[in-house]
Structure formats: C-alpha cells, structure tokens
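Okay, so here's the structure we're looking at.
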Amino acid sequence: MPFPAHIAVVDDDPYVCRALQRLLRSSGYSVETHISGAALLARLDEQPPDCIVLDLHMPGMNGFEVQNRLHQRGLNIPVVIITGHATPESCTRALESGASAFICKPIDMSDLLGAVRSALMSSHA
C-alpha cells in the first residue's frame with residue numbers, strides 16, 4: 001500500500017470533518033473531507049481513497065445510499081461508518097452492506113484510528 005494512505009471523511013458537519021481531518025493527519029494519513037455523499041462520489045474517479053470514514057445520517061444522500069453507490073460502481077473501498085443516531089438495525093445494515101466498522105458519536109479517537117488501521121490492513125491482505 002502506498003504511504004501515506006489516503007482517507008476520505010464524509011460528514012455534513014464541517015466541525016466533525018475538521019476534527020477528524022486533524023486527527024487522521026496527525027496519525028500520518030493523507031485526508032480529504034466532503035460535506036456530502038454526492039461530493040465524495042464526484043471525486044472518486046479523480047482520486048479514490050484507500051478508506052472512507054462515512055457519516056450515516058446526512059441530508060440528501062445518506063451513508064447507506066453512498067455504500068450502495070460504491071457497490072454499484074464495483075468499488076471495494078473499505079468504509080468505517082460513524083453515526084450519532086445508532087440503532088441495532090442501522091449497525092446490522094451497515095455491516096451487512098460491507099462496512100468494516102460501526103462507531104458511535106461522540107467518537108473515541110483511538111477506536112476510530114484502530115478501525116481505519118484495521119480496514120486498511122484487511123483491504124490489502
């Protein structure tokens with residue numbers, strides 16, 4: 001895997017995007033942020049990320065729809081789901097749709113870093 005790994009953060013809250021960008025960059029990753037699923041999908045052809053940190057509940061296109069679009073395009077990019085509105089059903093659905101991890105907000109930074117690291121390792125195993 002080329003280093004640093006490139007991570008896309010997708011969250012409609014710009015403060016969350018900025019905080020996660022700082023955390024991931026300080027851990028040695030290359031990071032870009034998007035405030036919507038549509039913004040991420042528009043950039044995939046230019047620079048596909050090695051991993052996506054994806055908010056589940058966003059206006060417009062939610063995280064489930066983004067996961068579906070990735071599958072429709074035949075992209076096997078590992079996804080770490082983050083959400084402030086977790087339910088057992090949403091966790092099950094996200095993981096069954098291929099998410100590598102499901103993390104509830106407020107995000108424990110070590111949990112997120114571990115999930116990203118694990119997602120990257122499993123995608124290149």
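Read the figures in this text as sums done on the coordinates, not as results from a lab. Remember, predicted model here, so these are calculated numbers, not experimental data. Quick reminder, even Gly has a Cβ in these numbers, built from the backbone with ideal geometry, and neighbours come from all protein chains shown.
Work out how much length SER26 to HIS124 would gain on full extension: take 0.36 nm times their residue separation and subtract the Cα-Cα distance, in nm to one decimal. Mind dumping the intermediate values first?
Details: separation 98, 0.36 × 98 = 35.28 nm, distance 2.23 nm.
This chain segment gains 33.0 nm when fully extended.
Would you grab the residues whose amide H sits under 5 Å from the one on MET58? Only those 5+ places off in sequence or on another chain, please, with H modelled 1.01 Å from N.
GLY63
Which order results if CYS51, CYS17 are arranged by neighbouring Cβ count within 10 Å, fewest first?
Working: CYS51 24, CYS17 20.
Ascending Cβ contact count within 10 Å gives the list CYS17, CYS51.
When the chain is treated as a GNM, springs tying every alpha-carbon pair under 10 Å, which of ASP50, ASP12, ASP108 comes out with the largest mean-square fluctuation?
Maximum fluctuation in the GNM of the chain, among the listed residues, is at ASP108.
So what are the ³J(HN,Hα) numbers for the stretch 40-45, from phi and the Karplus equation (6.51, -1.76, 1.60; θ = phi - 60°), rounded to whole Hz, Gly and Pro as x?
Couplings: 4, 4, 5, 9, 4, 6 Hz.
Within 10 Å of each residue's Cβ, count the other Cβ atoms and sort LEU23, LEU95 from fewest upward. Please list the in-between numbers first.
Numbers: LEU23 18, LEU95 13.
Placing the least packed residue first, the sequence is LEU95, LEU23.
Out of residues 5 or more away from SER36 or on other chains, whose amide H comes under 5 Å of its own, with H placed 1.01 Å from N in the peptide plane?
ASP11
Write down the Kirkwood hydrodynamic radius of the stretch 49-91, to one decimal in angstroms, obtained as one divided by the mean of 1/r over all alpha carbon pairs. Could the numbers behind the result be given before it?
Values: mean 1/r = 0.0915 Å⁻¹.
Hydrodynamic radius (Kirkwood, Cα only) of the stretch 49-91 equals 10.9 Å.
Take the Cα radius of gyration of the stretch 5-89 and divide it by 2.2 N^0.38 Å, with N its residue count; two decimals is plenty. Each step should come with its number before you reach the end.
Numbers: Rg = 12.1 Å, N = 85, 2.2 N^0.38 = 11.9 Å.
Working it through for the stretch 5-89, the quotient is 1.01.
Just to be sure I understand: with springs between alpha-carbon atoms less than 10 Å apart, which residue in HIS71, HIS57, HIS85 has the highest mean-square fluctuation in the Gaussian network model of the chain?
Greatest mean-square fluctuation among the candidates belongs to HIS85.
With θ set to phi - 60° and the Karplus curve 6.51 cos²θ - 1.76 cosθ + 1.60, what are the ³J(HN,Hα) couplings of the stretch 75-81 in order, to the nearest whole Hz, using x for Gly and Pro?
8, 10, 8, x, 10, 10, 7
Please build a GNM for the chain, connecting alpha carbons under 10 Å apart, and tell me which residue among PRO14, PRO49, PRO88 fluctuates the most.
Taking springs between Cα atoms under 10 Å, the residue moving most is PRO88.
Between ARG18 and HIS6, with labels modelled 7 Å along Cα→Cβ, what's the label distance in nm to one decimal, could you check?
So the label points at ARG18 and HIS6 sit 2.5 nm apart.
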